[in-house]
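Trainee: Here it is: the structure, laid out below.
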Amino acid sequence: MSAARTPTGTAGHSPLVIAIDGPAGAGKSTVGRAVAERLGLDYLDTGAMYRAVTFGVLRRGIDPQSIDDVAAVAAAIELDVDDGRVVVDGVDAAIEIRGREVTSAVSAVAANSAVRSELVRRQRDWVTEHGGGVVEGRDIGSVVFPDASLKLFVTASPRVRAERRVAEIGGDVDEVEASIIERDRQDSSRHDSPLVEAAGATVVDTTGLSIDAVVLEIMGMLDR
Ligand code: DC
């Protein structure tokens with residue numbers, strides 16, 4: 001269809017992979033799902049995978065900071081994460097993974113290198129099984145798929161991200177903004193695979209833009 005569909009040198013053989021990274025609440029999921037639908041691709045939310053492992057850790061009564069115990073959970077856990085579906089060891093966890101308990105423990109689990117390498121492996125397998133996809137996270141363009149067909153870094157100001165979250169789930173904007181800034185700090189300063197703009201990524205700032213406008217901008221990049 002277009003040059004952007006196949007990375008240089010592998011024309012016709014590589015599946016279309018769109019990597020979307022960026023901080024929490026920037027609009028990655030909404031934009032990613034819309035782009036996937038437009039392109040007829042499947043969509044993978046890798047944050048849901050880190051949350052699912054965290055759910056499994058808490059359910060087993062394990063301390064999220066306990067490196068070896070958490071690594072063992074990641075290796076053994078049965079995960080079924082697909083658009084909207086999150087099943088952990090046969091238990092539907094789609095709602096719980098968004099709750100306060102998982103949200104406050106997930107950064108510690110995501111900083112565990114053994115968890116990261118296990119989930120990166122599972123993410124690559126997912127893309128192989130699905131023949132490509134739109135994959136969203138923090139390290140997709142930098143670590144998981146550095147040769148992705150298109151790499152995007154979707155961002156927005158902390159204030160706008162807080163306002164969007166409050167519109168969705170309520171709460172106090174100042175408090176939500178403070179927790180967003182703290183989570184950004186943790187995700188960007190961790191030793192293993194910090195949140196960074198991947199080499200070759202295009203920055204998409206969604207502050208003040210509608211979802212439709214952002215999706216149009218991205219589709220335009222693919223047609224180029
Ligand atoms: O996108 P989210 O808020 O659901 O992500 C949950 C946590 O997982 C967050 O602390 C960032 C982390 N994460 C990560 O480290 N690497 C990814 N590829 C995706 C998410």
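Read-outs: derived from the displayed coordinates by stated rules, not from any lab. These figures come from a predicted structure and were not determined experimentally. Because the Cβ atoms are built from the backbone with ideal geometry, glycine has one as well, and the counts that use them run over all protein chains shown.
Trainee: What is the gain in length, in nm to one decimal, between Asp125 and Arg60 on full extension, counting 0.36 nm per residue of separation less the C-alpha to C-alpha distance? Mind dumping the intermediate values first?
Mentor: Details: separation 65, 0.36 × 65 = 23.40 nm, distance 2.61 nm.
Additional length available on full extension: 20.8 nm.
Trainee: Return the distance in nm (one decimal) between the two label points of a simple spin-label model at Ile181 and Arg159, each offset 7 Å from Cα along Cα→Cβ.
Mentor: Result: 1.2 nm between the two label points.
Trainee: For Val203 and Ile67, FRET efficiency with R0 = 35 Å and r from the beta-carbon atoms, rounded to 0.05? Mind showing how you got there, number by number?
Mentor: On the way: r = 33 Å, r/R0 = 0.96.
Rounded to the nearest 0.05, the efficiency is 0.55.
Trainee: Moving to a separate point now. Return the distance in nm (one decimal) between the two label points of a simple spin-label model at Ile211 and Ser117, each offset 7 Å from Cα along Cα→Cβ.
Mentor: 3.8 nm
Trainee: Mind listing P(r) for segment 86-224? All alpha-carbon pairs, 10 Å bins, whole percents.
Mentor: 10, 32, 40, 17, 0
Trainee: Still on this model: Rg/Rh for segment 17-105: what does it come to with C-alpha atoms and Rh from Kirkwood? If you can, show how the numbers build up before the last one.
Mentor: Details: Rg = 14.0 Å, Rh = 14.0 Å.
Result: Rg/Rh = 1.00.
Trainee: To continue, here is another question. If you add up the charges near Arg159, with Lys and Arg at +1 and Asp and Glu at -1, over every other residue whose beta carbon is less than 12 angstrom from its beta carbon, what do you get?
Mentor: Result for the neighbourhood of Arg159: 0.
Trainee: Which ³J(HN,Hα) values, rounded to whole Hz and listed in residue order, are derived for segment 35-44 from phi using the Karplus coefficients 6.51, -1.76 and 1.60 in 6.51 cos²θ - 1.76 cosθ + 1.60 with θ = phi - 60°, glycine and proline given as x?
Mentor: With the stated coefficients, segment 35-44 comes to 5, 4, 5, 4, 9, x, 9, 7, 10, 10 Hz.
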